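The values are calculated or read from the model by the stated rules, or taken from the named source; none is laboratory data. Being a predicted model, the structure only gives us computed values, none of them experimental. Cβ atoms come from the backbone with ideal geometry, glycine included; neighbour counts cover every protein chain shown. SASA here: full protein model, heavy atoms, side chains in, ligands and nucleic acids out. Shrake-Rupley method; radii C 1.70, N 1.55, O 1.52, S 1.80 Å.
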Amino acid sequence: MKNQKTISGFSKLNKRGKIKWLVENFFKDPENVMRELSSYWLKNEEQQRVLDGFSENTVSNFPMPFSIAPNFVINDKTYCIPMVIEESSVVAAASSAAKFWMTRGGFKATVIDIQKIGQYHFNFSGQKDRLQYVLDEYKTYFLKKLKPYTESMQKRGGGIIEMSLRDFPEEPGYFQIQMTFDTCDSMGANFINTILEEFAVLFEAKVNAEYSGLYDISTVMCILSNYTPDCLVEASVSCNVADLGPIPGGIKPEEFAEKFAQAIRIAEIDPYRATTHNKGIFNGIDSVVIATGNDFRAIEAGGHTYAARNGSYSSLSHCELLDDQFKFYIRVPLALGTVGGLTKLHPVAKRSLEMLGNPNAKELMKIIASVGLAQNFAAVKSLVTTGIQKGHMKMHLSNVLNQLKATENEFKLAVEHFSNKIISHRSVQEFLESIRSSN
Ligand code: MEV
């Protein structure tokens, strides 16, 4: 087959056909790659079909580690946390923070609110008050017409909470109806987008009928917002400063508490530090969000906007030192679901939720905020005491040794050898070569 980097009808090929085209055109050793990619297919064909259904043009699966962080005490209940993450040290750090706080009262978490937001964006050639009139006058009519779509959510205690008209001086003639929703235990994206699209049709028709076509109205788009500042959860840990010890490196608890609080203040005032600081928080949050079949891009996007809500990007976590009490807390928007989406379709996500005791969305918000806080605590604790490279390098050594197919004995010798030496891919390779050649 002649080299063909573009193709039409790729999606129509079956899976083997897709891989065949891919390997023949983009790899030097097509047969090996074909064998390798197909080796990641699930043996259970039914489960593989389910996975394939999540996306398009699927050729293989992309394995990621599925890990557990035990000993998380949150609101006096103990959880084993499922985490999907590829970065070494994250799960170890979460587990160590969980164990640390387990004996100091655990995590306390509260859901502040669970409102989600959707927006109908449109252009209108008249004044804002004309639109406001239609919205107020026909609100009951709109809600009644939307009932077929909202009824089952209403039965579960949710539905549309509010509709408000917004305009933007920067964009004359453009308006928006922003709706707030309670989507109960579902993330609610489909529910919200369906309602917005139906509402747009109803609203446009009413505006045209009310003003006999005097004004032009046209829809720009209807879509939920991933910024959910009112779908907010707070998690905290606190203890007496003296109880923070023992601290690695023999630092006194008082000194540790001061250094820790200063590190948090730095993340509050400097966006460069805040970005890395919050990245550490999302190491924990994202890995549980992925493990439970939720949308980590939505969570990240909303979290970062929230971190910049006061005009400058800042820390999501805060620390207070008052009367010998250490308090560390996070407030973060988390629009999560425990029903719908992948939550029950993905076989492992389903097990993750089961492991957590099949929480509702509010409980999952509390769990995930606590994991984010734990992750942040562990990272900042390392940074202001031992530094993070020590732990990272231990994991790095083990990854390099695995990559170089080290035996159990070689592992042991390498760990000993590198306990006080600089670890790099080359230094590990040279070490292995030296012990292999001397045998
Ligand atoms: C690394 O993935 C995360 C950290 O950089 C977070 C932080 O600096 O706070 C360790």
Quiz item: Which of the residues that make up region 376-395 are open to solvent by less than 70 Å² (accessible area, probe 1.4 Å) and away from the ligand (no atom under 12 Å from the Cβ)?
Solution: Thr385, Met393
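Rundown of residues vs (1) of a type in the set (Ser, Thr, Tyr); (2) at pLDDT 95 or above, yes/no style:
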| position | (1), (2) |
| --- | --- |
| Glu56 | no, yes |
| Ser67 | yes, yes |
| Lys77 | no, yes |
| Ser89 | yes, no |
| Met102 | no, yes |
| Gln115 | no, yes |
| Leu135 | no, yes |
| Leu146 | no, yes |
Self-check item: Lone unmet requirement of (1) surrounded by fewer than 20 Cβ atoms within 10 Å (Cβ to Cβ); (2) farther than 30 Å from Ile74 by Cβ; (3) hydrophobic (A, V, I, L, M, F, W, C) for Phe203
Solution: (1)
Quiz item: Residues Ile85, Ile117: which one is surrounded by 15 or more Cβ atoms within 10 Å (Cβ to Cβ) and farther than 30 Å from Met163 by Cα?
Solution: Ile85
Quiz prompt | So Glu56, is it open to solvent by 70 Å² or more (accessible area, probe 1.4 Å) and within 25 Å of the chain's Cα centre (by Cα) | solution = yes
Quiz item: Within region 329-343, is there a residue that is open to solvent by less than 10 Å² (accessible area, probe 1.4 Å) and either closer than 25 Å to Gly245 by Cα or within 16 Å of the ligand (Cβ to nearest atom) (or both)?
Solution: yes
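Can you tell me which residue within region 133-151, out of those that are in contact with a Phe, Trp or Tyr (Cβ under 9 Å, 6 or more places away or on another chain) and of a type in the set (Ser, Thr, Tyr), is least open to solvent (accessible area, probe 1.4 Å)? Before the answer, list the steps.
Just the residues of region 133-151 that are in contact with a Phe, Trp or Tyr (Cβ under 9 Å, 6 or more places away or on another chain), to begin with: 134-135, 138, 142, 145-146, 149-150.
With of a type in the set (Ser, Thr, Tyr) added as a condition, the list becomes 138, 149-150.
Numbers: Tyr138: 50, Tyr149: 94, Thr150: 5 Å².
In this case the residue turns out to be Thr150.
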Quiz prompt | Positions within region 11-25 being surrounded by 10 or more Cβ atoms within 10 Å (Cβ to Cβ) and more than 18 Å from Asn61 (Cα to Cα), in sequence order | solution = Glu24, Asn25
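Considering each of Thr228, Thr219 in turn, give the residue that is β-branched (Val, Ile, Thr), assigned to a loop (DSSP other than H, G, I, E, B) and touching a residue at least 40 places away in the same chain (Cβ under 8 Å). First the steps, then the outcome.
Details: Thr219 fails: assigned to a loop (DSSP other than H, G, I, E, B).
Criteria check complete, one pass: Thr228.
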Self-check item: Unique match (being more than 16 Å from the ligand (Cβ to nearest atom), open to solvent by 50 Å² or more (accessible area, probe 1.4 Å) and either touching a Lys or Arg at 6+ places or on another chain (Cβ under 8 Å) or touching a residue at least 24 places away in the same chain (Cβ under 8 Å) (or both)) among Gly173, Gly249, Gly188, Gly245
Solution: Gly249
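Which members of region 264-280 meet the condition of being among the hydrophobic types (A, V, I, L, M, F, W, C) and near the ligand (Cβ under 8 Å from one of its atoms)?
Going residue by residue through region 264-280, those that are among the hydrophobic types (A, V, I, L, M, F, W, C) are 264, 266-267, 269, 274.
Within region 264-280, Ala267 is the sole residue that qualifies.
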